[in-house]
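Peer 1: I'd like to ask you about the structure that follows.
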Amino acid sequence: MTNQTSLPFYEKHRFKYNFKRVIDVLILILLLLLLGYRVISLVNNYRFHWLVVLICESWFTLGWIFTITTQWNPATIKTYPERLLQRLQLQELPAVDLFVTTADPVLEPPIMTVNTVLSLLAMEYPSDKLACYVSDDACSPLTFYALQEASKFAKHWVPFCKKFNVQVRAPFKYFSHVAYDHDLSTQQFKQECLRMKDMYDNLSRRIEEACRTSIPSCRLDGDFAVFLNTQRDNHPTIIKIIWENKEKHSSEGLPHLIYISREKKPKHPHHYKAGAMNALTKVSGLMTNAPFILNVDCDMFVNNPKIALHGMCVLLDPKGQKEVAFVQCPQQFYGKLKNDPLGNQMVVLFKYVASGLAGLQGPFYGGTNCFHRRKVIYGLSPDEAEKGNMSEKKLKQEFGASKELVKSAADVLEGRTYSPNHDINISKSLESANQVASCGYEYATGWGDQIGWKYGSITEDVLTGLSIHKKGWRSEFCTPEPIAFTGCAPIGLPTSMGQQKRWATGMIEIFFNKKYSPLVCTIFGKLHFRQFLAYMWIMNWGFQPIFEASYVCLLTYCIITNSNFMPQGPALSIPITLVVIYMLHTILEYLATKLSIQEWWNNQRMSRIYIMNARFSGFLALILKLLRISNTVFDITRKDQNFSSDDGEDCLDNNNNDDAGTFTFDESSVFVPGTTILLMQLAAMVIKIIGLVGSRSGNNNNNNNNNKINNKNNGYGSVCDMLCSLYLILCYWPFLRGIFRRGKYGIPFSTIFKSATLAFLFVSLCTQTISG
Ligand SMILES: O=c1ccn([C@@H]2O[C@H](COP(=O)(O)OP(=O)(O)O[C@H]3O[C@H](CO)[C@@H](O)[C@H](O)[C@H]3O)[C@@H](O)[C@H]2O)c(=O)[nH]1
Ligand SMILES: [Mn+2]
């Protein structure tokens, strides 16, 4: 019999999707055949546009290679908290610092942050081992007020959750679907539950009221006086210990709760979320210095109260300890819009890509729902992990001037971290905490470069994860049942577009990063080759739009000028088979994930729309940055959910937002490329149909003319070109309706005007090449 104590705390189960592999390879072969055909026709008969077609299709083939290698060796992880607890006493578990970031009380309502924080405070983990740090990049007294109120409520909420073993510990979500008859036998539960609901309703009413009246400045006294005369981008550091847990050596208390608004000065680079994360790292390093960090965005909450134990299974496992740097839990969403009309729930993507990554060097760091080792964040690589013998001078160079921080960093690097037996008094560290959260502190230190969250991309998460993989660390997924964390995906098109745009820009920033480009990490670092291809898969979010947009332009050009886009003769069967197999294959993936064909279509359509609008704009934003015309900006995603206890079961039905999932537009230039593409297709169709009618009616002159300039586009190929164009029109159907609608459902006139001008220019250019 196996010795119980020698069992690993987690296991990786590898498996194969054999059928999927066959089809994936078949698609690759068809793509290669198509390329072969393109090369041959180009050699036989050089046409510039065919060269461009060849380039685009080569890129798509490369993209497909990235996709299949990423998904080739799937794996899942199973964690065993009971084994962990057999080996360790509760009191022997390591401390975990919890980081929450928020940055705008309007786009991210404080009641949402409160729910995130409450769900963290109530986790099933010894409370004297937890400390929750909230970074507020908006320096908002509202957020501070909301957290203060929340900590009062937490004193009742946390014991309630633990006593009745509540699963969902974000109160808004819990009360939206709690069944009071869940345990009818205990009248006590029913009573206490109703009391809690009353208290929560009260709390959310007070917070919402405060948000409505925006706490008038005359009331900025007492605890709030520090917020007087502060502006979002210009204020000193504000650190407030909202709750200090004085009950040491007892898991009954409430974890520390600390509010941090790092110093901001105009024109001083703040590095968005990465900057906020580093401020949290430094301040927590002074106060509790836990060896592990769990970071959660304010739009996610704990859904599995045991998640910290699951995370520790990987990080404390004897093998995991040596190899695994971080444990990523997936971003999953509750209250999904039916059939995913905006294509942002990424369920299928998650299923195949995530399990694929689990079989490689490990998942990318996703910015939220992730457990980190502090020493890895402090720059240690797996082979130095147990040494950590940096000189004091070097430490000072990297960690900055604060003696206290240098000392705490040395503790981390040498493996001596916080234990509850140490007499920690977090209030004592306030002064040095203020120092390390100031604007100038990081100047000429290693923060954002050698240590901490990396600066240089607005997708700091992927960049930071990459820098960790570069050192040779692995990462693991953690996917316990029930789901670890849930949140809400954006429910408006402009919001979702903004998010996609930011991701695309961020990816290209990473690709061109001197130190952490995936290429550099593979050649000069320890990024595995297959993992490199996986990173290229995600980098492609930024590059695909150039090729896809060019491809669409070529298609339109060919239709207008009556030239060949699709292969001619028997070779036409290659792209047809390719498309049919690809479509069927992806439909099957959806059905296998228990999703509808409608959802498949919505996701197909939205990927065209995101690539050619949002990601294309993201690419342009990067070009502007390279030309030093404008800098890239982290635009915060608007969170539209409702957090009162009566809602939240389903975003679509209950959040009083009639627009959830319907297509709305705004003035943003992000909609210009799509509208232009749509108008181009319509123009091409009209020109083609007029041309066909013209040639049918025996207009010989015209016919001869066309034949003279073009390479006789014969029947089927031309029908296929038209079908491609029709497919695009179908994808852009919501845009077509938008052209005729008004208000937020309509595409603004200025966008239509810009797009019409661009489309007109394009069509004129095409027709000129005919007559030229
Ligand atoms: O200057 C800033 C900007 C953002 N944030 C916080 O960053 C988080 C993520 O921002 P959000 O607007 O929700 O972006 P998403 O696109 O939803 O976030 C995804 O993508 C980001 C990178 O683009 C990652 O950082 C996130 O973790 C990941 O969930 C939120 O908690 C924000 O409060 C800050 O703290 N400071
Ligand atoms: Mn988010």
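Peer 1: Going residue by residue through segment 547-560, is there one that turns out to be among the small types (Gly, Ala, Ser), surrounded by fewer than 21 Cβ atoms within 10 Å (Cβ to Cβ) and at positive phi?
Peer 2: No - not one qualifying residue is present in segment 547-560.
Peer 1: Return the residues of segment 560-592 that are of a type in the set (S, T, N, Q) and modelled with pLDDT under 95; say none if nothing qualifies.
Peer 2: Thr561, Asn562, Ser563, Asn564, Gln568 - these are the residues of segment 560-592 that are of a type in the set (S, T, N, Q) and modelled with pLDDT under 95.
Peer 1: So is Leu395 surrounded by fewer than 23 Cβ atoms within 10 Å (Cβ to Cβ), away from ligand 1 (no atom under 16 Å from the Cβ) and touching a residue at least 60 places away in the same chain (Cβ under 8 Å) or not?
Peer 2: Here the answer is no, as Leu395 does not meet what is asked.
Peer 1: Follow-up. So Gln89 clears everything in (1) away from ligand 2 (no atom under 16 Å from the Cβ); (2) modelled with pLDDT of 95 or more except one condition, right? Which one?
Peer 2: (2)
Peer 1: Now, a different point. List every residue pair whose Cβ atoms lie under 6 Å apart, where the two residues are 6 or more positions apart in sequence or sit on different chains, the first residue falls within segment 352-378 and is within 16 Å of ligand 2 (Cβ to nearest atom), and the second residue, located anywhere, is modelled with pLDDT under 95 and part of a loop (DSSP other than H, G, I, E, B).
Peer 2: Qualifying pairs under 6 Å: Gly366/Gln331.
Peer 1: Working carefully through the options Asn303, Asn295, Asn278, Asn234, find the one that is surrounded by fewer than 19 Cβ atoms within 10 Å (Cβ to Cβ) and out of contact with any helix residue (DSSP H, G or I) (no Cβ under 6 Å at 6 or more places or on another chain).
Peer 2: Checking each option against the conditions leaves just Asn234.
Peer 1: Could you give me the residue pairs with C-beta distances under 7 Å whose first residue belongs to segment 105-134 and is within 17 Å of Phe292 (Cβ to Cβ), whose second residue is part of a helix (DSSP H, G or I) and among the β-branched types (Val, Ile, Thr) wherever it lies, and which are 6+ apart or on separate chains?
Peer 2: Listed pairs, sorted by first residue: Leu121/Val158; Met123/Ile307; Cys132/Val117; Tyr133/Val283.
Residue by residue, here is whether (1) buried (at least 24 other Cβ atoms within 10 Å of the Cβ); (2) farther than 25 Å from Tyr174 by Cα; (3) in contact with a strand residue (DSSP E or B) (Cβ under 8 Å, 6 or more places away or on another chain) holds:
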residue	(1), (2), (3)
Phe66	no, yes, no
Leu121	yes, no, yes
Tyr145	no, no, no
Ser151	no, no, yes
Lys155	no, no, no
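Peer 1: Which members of segment 281-326 meet the condition of being outside any helix (DSSP H, G or I) and away from ligand 1 (no atom under 16 Å from the Cβ)?
Peer 2: Once the filter is applied, which keeps residues that are outside any helix (DSSP H, G or I) and away from ligand 1 (no atom under 16 Å from the Cβ), segment 281-326 yields Thr288, Asn289, Ala290, Pro291, Phe292, Asn304, Pro305, Lys306, Asp317, Val324, Ala325.
Peer 1: Could you list, in sequence order, the residues of segment 535-571 that are over 30 Å from Leu360 (Cα atoms), under 37 Å from the mean Cα position of the chain (by Cα) and assigned to a helix (DSSP H, G or I)?
Peer 2: Ala549, Ser550, Tyr551, Val552, Cys553, Leu554, Leu555, Thr556, Tyr557
Peer 1: Can I ask one more? Under 14 Å from Leu254 (Cβ atoms) and either crowded, with 24+ Cβ neighbours inside 10 Å or hydrophobic (A, V, I, L, M, F, W, C) (or both): is that true of Ala131 in this structure?
Peer 2: So Ala131 fits the description; yes.
Peer 1: Would you be able to tell me the number of residues in segment 36-59 that are touching a residue at least 40 places away in the same chain (Cβ under 8 Å) and out of contact with any helix residue (DSSP H, G or I) (no Cβ under 7 Å at 6 or more places or on another chain)?
Peer 2: Qualifying residue count, segment 36-59: 3.
Peer 1: For segment 232-273, which residues satisfy the criterion of being part of a loop (DSSP other than H, G, I, E, B), among the charged types (D, E, K, R) and under 29 Å from Cys439 (Cβ atoms)?
Peer 2: Arg232, Asp233, Glu244, Arg262, Glu263, Lys265, Lys267
Peer 1: Please work out which one of (1) more than 24 Å from the chain's Cα centre (by Cα); (2) closer than 27 Å to Trp733 by Cβ is the condition Arg605 fails and give its number.
Peer 2: (1)
Peer 1: For segment 561-597, what are the residues that are surrounded by 17 or more Cβ atoms within 10 Å (Cβ to Cβ) and of a type in the set (A, V, I, L, M)?
Peer 2: Answer for segment 561-597, where residues must be surrounded by 17 or more Cβ atoms within 10 Å (Cβ to Cβ) and of a type in the set (A, V, I, L, M): Met566, Ala571, Leu572, Ile574, Leu578, Leu595.
Peer 1: Does Lys394 fit the bill of being more than 16 Å from ligand 2 (Cβ to nearest atom) and in the same structural domain as Leu120 (by the TED database)?
Peer 2: Answer is yes for this residue.
Peer 1: If you don't mind, there's one more thing I want to ask. Could you list, in sequence order, the residues of segment 591-616 that are β-branched (Val, Ile, Thr) and touching a residue at least 60 places away in the same chain (Cβ under 8 Å)?
Peer 2: Scanning segment 591-616 gives Thr593, Ile609, Ile611.
Peer 1: Next question. Among the numbered criteria (1) within 21 Å of Val134 (Cα to Cα); (2) away from ligand 1 (no atom under 16 Å from the Cβ), which single criterion is violated by Gly359?
Peer 2: (1)
Peer 1: Moving to a separate point now. Tell me the residue from Thr459, Thr464, Thr445 that is of a type in the set (S, T, N, Q), surrounded by 24 or more Cβ atoms within 10 Å (Cβ to Cβ) and farther than 30 Å from Tyr80 by Cα, please.
Peer 2: Thr459
Peer 1: Being within 25 Å of Ala614 (Cα to Cα), in a loop (DSSP other than H, G, I, E, B) and more than 9 Å from ligand 1 (Cβ to nearest atom) is the filter here, so list the residues in segment 476-515 that pass it.
Peer 2: Within segment 476-515, Cys488, Ile491, Gly492, Phe512, Asn513 qualify.
Peer 1: Can you give me the ranges of the helices (runs of 4 or more DSSP H) entirely in segment 637-724 with at least 2 residues that are modelled with pLDDT of 75 or more and either within 22 Å of Pro341 (Cβ to Cβ) or touching a His at 6+ places or on another chain (Cβ under 8 Å) (or both)?
Peer 2: Here the list reads 672-696.
Peer 1: Just checking, which of Ser432, Ser496, Ser457 is within 16 Å of ligand 2 (Cβ to nearest atom) and touching a Leu at 6+ places or on another chain (Cβ under 6 Å)?
Peer 2: Ser496
Peer 1: Between residues in segment 264-278 that are over 13 Å from Thr632 (Cα atoms) and residues that are within 15 Å of ligand 2 (Cβ to nearest atom) and among the aromatic types (Phe, Trp, Tyr), which pairs lie under 8 Å by C-beta distance while being six or more apart or on different chains?
Peer 2: Sorted first by the residue in segment 264-278, then by its partner, the pairs are Lys273/Phe634; Met277/Phe99.
The values are calculated or read from the model by the stated rules, or taken from the named source; none is laboratory data. Every value quoted in this text rests on a predicted model; they were computed, and no experiment measured them. Cβ coordinates were reconstructed from backbone atoms using ideal geometry, including for glycine residues, and neighbour counts include every protein chain displayed.
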